[in-house]
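Notes for the one structure printed next.
The values are calculated or read from the model by the stated rules, or taken from the named source; none is laboratory data. Source: prediction; values computed, not measured. No Cβ is skipped: glycine too gets one built from the backbone with ideal geometry, and neighbour counts run over all protein chains shown. The area values use the complete protein model at the heavy-atom level, side chains included, leaving out ligands, DNA and RNA. Shrake-Rupley method; radii C 1.70, N 1.55, O 1.52, S 1.80 Å.
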Amino acid sequence: MICITVTPSSRTLAKADLLNAARHGDIIELCLDHFSKDPDIEDLISAVDKPIVVSCRRKQDGGQWEGTEEDRLLLLRRAIAAGPAYIELDLDIANDVPRFGSTQRVISFTRLDRPETDIDRIFDDAANARADIVKFTWPTPTLGAAWPLLVAVSQKRRLPVVGMGLGRPELTFSLLGLRYGSPWIYAALEKGMEAHDGQATVFELNDTYHASDIDSKTRFIAVSGFGESQTLTTRVLNAAFKELDMNVRCLPIELEDVSDLKRMLDILKIRAIIVGNQHGSAILDLADHVDAHDSESGYLNLLLKRDNGWHGYNTLWRSGLKALESVISETGKSLSKMNLLVIGNGGIADSIVYALTRREGMVSVCGPKDKLAQQTAQKNSCRFVPYQNLYETLADVIIIADPNISMGSQHGQINPSVIKADMTMLDVSDLPFETEFMAEARERGAHTINTAGIYTQLLEAQFKAISGKDLPESAFLKGLSES
């Protein structure tokens, strides 16, 4: 179930927020700490027919309460007397607010600085404070930080546990909470009404992640990152899984350290992860089986668990090379006869350099970090160009292959003057979106390569490896329409 948090500050608009939330959620959390004047709690509760959780959080717990603690306790006691389905009480004050009527007690523990580790002790303290449900809240910036929260929800305990992660990666915890039987997860009604920065809206949970379809048998495919490209990938893949009637959904995760990744994926029964950017190189060592060409590319964007271990795949270099060759062939030329300049540091650049050297082109490598660019050049037996010499380098084709590179005149940026008319330009740093480099190239009369086509081929290959099925064309249309 989805619990929509509403944070009205006006008694006049509070009912409207509750009615809107009731149309889209299963439970409503009414936060009293935002009101500028004392609300008529009983009147508000009677406005909707959905269960209501009443809360009033202090600033130290992420709320907006500015009154005295004595007044807050009085407000919470009044709230219980109004007869809501649930009342949220902080663990440290739970024993000061007696049980009343049929209202269930959600005993809450919050910390804003870091994840809590002493979960069992806190759970026991909450149970002793006559909890019906125990709630944990703390920051979940990465999968590792969310791990204690996931353990708290997924383990069988004598009382139900709900949790709220703080930050955008709360999505990870929320979706896994549905899978592991959390009584409810939290969502904002709409943008601008979030209980904390980055909280997902109920529409995002349903439209992008198909939260209402997730149950105890749902299998997850992890997608690393929360950017626009990763969200688009999630929309497309989830649309495909739904169309093919597969109980599989994408789970967004934020990686920081991949050293413990396989263990966590195994525990969560996640058998595939799609990665990009800086993690593509890091997960290479995690794969038990990798195609020789993918291994030599130094980059993976898919890790897939099979019966004999984890298999790694790089669908980027093949898709990028195919698209580049297709455009160049239309001019009657060959990559082997052209000067090819790859700009960037990291796994994406390494992968593209490897692809181009397979065609024996005259490949040069240039990046803001000269040492890394030189290592890439040496590994692939091609030319290294110091970053300061970028504008003196002859190139027929320029490929931007680093999401950390931007266009501009400041130190470390690339001046658009590097782009010449009749040059061919490709930017694979943020597939499938057109970057400022591609727009500038078109303005300057350069040939540009459709990044959407590369993305399509890349995603089709990943979906085939994961599911054994072809990715329906309609899934792309649905994913793009929701973008």
Are there any pairs, at least 6 apart or on different chains, whose C-beta atoms fall under 6 Å, with the first in the range 230-245 and within 13 Å of LEU477 (Cβ to Cβ) and the second open to solvent by less than 40 Å² (accessible area, probe 1.4 Å) and of a type in the set (Val, Ile, Thr), and if so, which? ARG235/THR208
Residues in the range 234-244: is at least one aromatic (Phe, Trp, Tyr) and surrounded by fewer than 23 Cβ atoms within 10 Å (Cβ to Cβ)? no
Could you tell me how many of the residues in the range 271-303 are buried (at least 20 other Cβ atoms within 10 Å of the Cβ) and closer than 25 Å to LYS217 by Cβ? 5
Within the range 16-38, does at least one residue satisfy the condition of being open to solvent by 20 Å² or more (accessible area, probe 1.4 Å), of a type in the set (S, T, N, Q) and touching a residue at least 60 places away in the same chain (Cβ under 8 Å)? yes
For ALA131, state whether it is of a type in the set (A, V, I, L, M, F, W, C), modelled with pLDDT of 85 or more and open to solvent by less than 30 Å² (accessible area, probe 1.4 Å). yes
Since ASP396 meets every condition but one in (1) over 21 Å from GLN278 (Cβ atoms); (2) in contact with a Leu (Cβ under 6 Å, 6 or more places away or on another chain); (3) touching a residue at least 40 places away in the same chain (Cβ under 8 Å), which condition does it not meet? (2)
Taking only the range 406-443 into account, find how many residues are more than 26 Å from SER326 (Cα to Cα) and surrounded by 14 or more Cβ atoms within 10 Å (Cβ to Cβ). 3
Could you tell me whether the range 464-479 includes any residue that is assigned to a loop (DSSP other than H, G, I, E, B), at pLDDT below 90 and open to solvent by 60 Å² or more (accessible area, probe 1.4 Å)? no
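Mind counting the residues in the range 138-160 that are in contact with a Phe, Trp or Tyr (Cβ under 7 Å, 6 or more places away or on another chain) and either within 17 Å of VAL53 (Cα to Cα) or open to solvent by less than 20 Å² (accessible area, probe 1.4 Å) (or both)?
Matching residues across the range 138-160 total 6.
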Members of the range 456-483 that are hydroxyl-bearing (Ser, Thr, Tyr) and within 19 Å of GLU228 (Cα to Cα): THR456, SER481, SER483
Lone qualifier among ASP257, ASP245, ASP266, ASP213 - being over 22 Å from ASN314 (Cβ atoms), modelled with pLDDT under 90 and of a type in the set (Asp, Glu): ASP266
Spans of strands (runs of 3 or more DSSP E) in the range 161-232 with at least 1 residues open to solvent by 10 Å² or more (accessible area, probe 1.4 Å) and of a type outside the set (Asp, Glu): 161-166, 219-224
Restricting attention to the range 29-40, the residues that are hydrophobic (A, V, I, L, M, F, W, C), modelled with pLDDT under 90 and not in a loop (DSSP other than H, G, I, E, B) number exactly 0
Which of the strands (runs of 3 or more DSSP E) contained wholly in the range 52-126 include at least 2 residues that are touching a Cys at 6+ places or on another chain (Cβ under 7 Å) and modelled with pLDDT of 90 or more? 52-55
Can you find even one residue in the range 432-443 that is in contact with a Phe, Trp or Tyr (Cβ under 6 Å, 6 or more places away or on another chain) and either at pLDDT 90 or above or more than 29 Å from ARG271 (Cβ to Cβ) (or both)? no
The conditions are (1) surrounded by fewer than 20 Cβ atoms within 10 Å (Cβ to Cβ); (2) at negative phi, and LEU89 fails exactly one of them. Which is it? (1)
Of the residues SER46, SER10, SER55, SER102, which single one is among the hydroxyl-bearing types (Ser, Thr, Tyr), touching a Gly at 6+ places or on another chain (Cβ under 8 Å) and surrounded by fewer than 16 Cβ atoms within 10 Å (Cβ to Cβ)? SER102
Residues GLU392, GLU436, GLU440, GLU360: which one is charged (D, E, K, R), in contact with a helix residue (DSSP H, G or I) (Cβ under 6 Å, 6 or more places away or on another chain) and over 25 Å from GLY298 (Cα atoms)? GLU440
Of the conditions (1) free of Cβ contacts under 8 Å to residues at least 60 places away in the same chain; (2) in a loop (DSSP other than H, G, I, E, B); (3) in contact with a helix residue (DSSP H, G or I) (Cβ under 6 Å, 6 or more places away or on another chain), LEU255 satisfies every one except a single condition; which number is it? (1)
